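Following: one structure in structure tokens, then a few remarks.
The values are calculated or read from the model by the stated rules, or taken from the named source; none is laboratory data. None of the values given here were measured: they were computed from a predicted structure. Every residue, glycine as well, gets a Cβ built from its backbone with ideal geometry; the counts of neighbours run over all protein chains shown. We work out accessible area using only protein heavy atoms, side chains counted, and drop any ligands, DNA or RNA first. Shrake-Rupley method; radii C 1.70, N 1.55, O 1.52, S 1.80 Å.
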Amino acid sequence: MLAQSTHHLLWLREQDHPAISLPRWQQQVELLSNFYQSQACLILQVVNDSVQIVCARQSQNFHLNGGTGFEDAGLLAVIHNYDGYNLTKSSGADFTSELSQFNQVLSRPIFWPDGELFGCILVCDPLQAKYRERLTPLVETATSLIQGELKHVFLMQQVKMLSVQDEQTCMLNPYGFSLMAPRQLSLSRRFGSHAGIILIEEMMNESPESSKDDEGQRIRMLARIIHDNLRDADVSARVGHRQFIILCFIDNESNLDALVSRLKKQIAKEDPNLKLVTGQSYFTPDIQISLDPMQAKAKENLNMNKLEHQKTTR
């Protein structure tokens, strides 16, 4: 598992973030609704293909309250086709949700600072026609304010992510593993999944020709191969200068052996001269022990295999 930012996958209304002032967002919605004399004005968030209303102002109950979630392929198409100029005008026929009850909808996308789509501002059935173009800067101002607060959320999450991330490989570091692995282990036990711990350690290369750049490339190669061979639920981390750990969820012990074998074959294919030692432990879901004993057993197996390796290389 690489340390990845999830800022664009979390519903804003479901988390309390100091950088976000929803009352201030609500003020922007009410201001736009008043100036445009609209039937409804909304700030929407999009996560994958789902939509949730963050803030809303309605002249009557259009069933578009804050926190309401829905799906609307037409709305997503409108947002993704935004050309970057002014507001997009759509008719209610373009939508499949409650938005279809309006004759005209003006929209302006909102983006995270990394370019990911956050959502949009919608002005529904605006009665103000004479000065509509002059009101566009108001929407841009509201967009800038919202995107400014989203930037703070983004930066704070980046700092948090870096605290759990290994700088050289972008994998989780020991601290990150200690946070993520117990959560995944607890979740897997609810579904009756078996678990395994794998430790992978590169043996010291005594060759004088080996440079720090070569070493860095080997470490990054190991990280890439480990990541590419794991499932989303598995957790991996770099826990030492040359050591990696994997918490994987499997059906039986033979699957754990197969994963270790597959990793070794892939690593040997890319670098036949790389010497590795592995250790592993396997646990069924009915053995309710914490992660530490699992790691200790894998470490014991690793040390035993190290001794065997040293005997054969003498």
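Observations on the model:
- Euclidean distance of C-alpha centroids, region 33-64 and region 66-133, integer Å: 9
- J(HN,Hα) series, region 196-203, from Karplus relation 6.51 cos²θ - 1.76 cosθ + 1.60, nearest Hz, glycine and proline x: x, 10, 10, 10, 10, 10, 7, 6
- Magnitude of the charge dipole, region 73-191, Cβ model with Lys/Arg +1 and Asp/Glu -1, debye to 20: 300
- Over region 7-162, the fraction of Cα-Cα pairs per 5 Å bin, rounded to whole percents and listed from the shortest bin up, is 2, 9, 20, 24, 21, 14, 6, 2, 1, 0, 0.
- Region 237-314: proportion of alpha-carbon pairs further apart than 22 angstrom, %: 28
- Sorting Glu202, Glu167, Glu270 by accessible area puts them as Glu167, Glu270, Glu202; the probe is 1.4 Å, largest comes first, and only protein heavy atoms count.
- Placing Tyr175, Tyr131 in order of accessible area, with the largest value first and a 1.4 Å probe, yields Tyr175, Tyr131.
- Over the chain, DSSP H runs of length four or greater, each weighted -39,500 (n - 2.57), average out per residue to a 222 nm ellipticity of -13500 deg cm²/dmol.
- Of Lys160/Lys306; Lys160/Lys265; Lys275/Lys299; Lys264/Lys311; Lys264/Lys306; Lys265/Lys299, pairs whose Cα-Cα distance is over 25 Å: Lys160/Lys306; Lys160/Lys265
- Here's how it looks for His194: its modeled amide H is under 5 Å from those of Ile250, which are all 5 or more places away or on a different chain.
- Kyte-Doolittle at least -1.0, axis length at least 20 Å by Cα - qualifying DSSP helices, the chain: 22-36, 136-162, 174-190, 253-270
- Using θ = phi - 60° and Karplus 6.51 cos²θ - 1.76 cosθ + 1.60, couplings along region 84-90 (whole Hz; Gly, Pro as x): x, 10, 6, 9, 8, 9, 10
- Apolar share of the accessible surface for the chain: 49 percent from carbon plus sulfur atoms, 1.4 Å probe.
- Span per principal axis, largest first, for the Cα atoms of region 1-71 (Å): 49, 27, 17
- Cβ charges +1 (Lys, Arg) and -1 (Asp, Glu), total dipole of the chain, debye: 340
- Amide H within-cut-off set for Thr96, under 5 Å, with H built and near neighbours excluded: Ala73, Gly74, Leu75
- Using θ = phi - 60° and Karplus 6.51 cos²θ - 1.76 cosθ + 1.60, couplings along region 236-247 (whole Hz; Gly, Pro as x): 10, 7, 9, 10, x, 4, 10, 10, 10, 10, 10, 10
- Just checking the listed ones, Ser50, Ser33, Ser281: in the Gaussian network model of the chain with Cα springs under 10 Å, the one fluctuating most is Ser50.
- For region 221-276, the convex hull spanned by the alpha carbon atoms encloses 80 Å³ per residue.
- Solvent-accessible surface (1.4 Å probe) assigned to Cys248 amounts to roughly 0 Å².
- Radius ratio Rg over Rh of region 174-313, counting only Cα atoms, Kirkwood formula for Rh: 0.97
- Expressed as a fraction of 2.2 N^0.38 Å, the value expected for a compact globular protein of N residues, the C-alpha radius of gyration of the chain is 1.35.
- Nonlocal amide H pairs with Asp166, under 5 Å, H built at 1.01 Å: Met171, Leu172, Asn173
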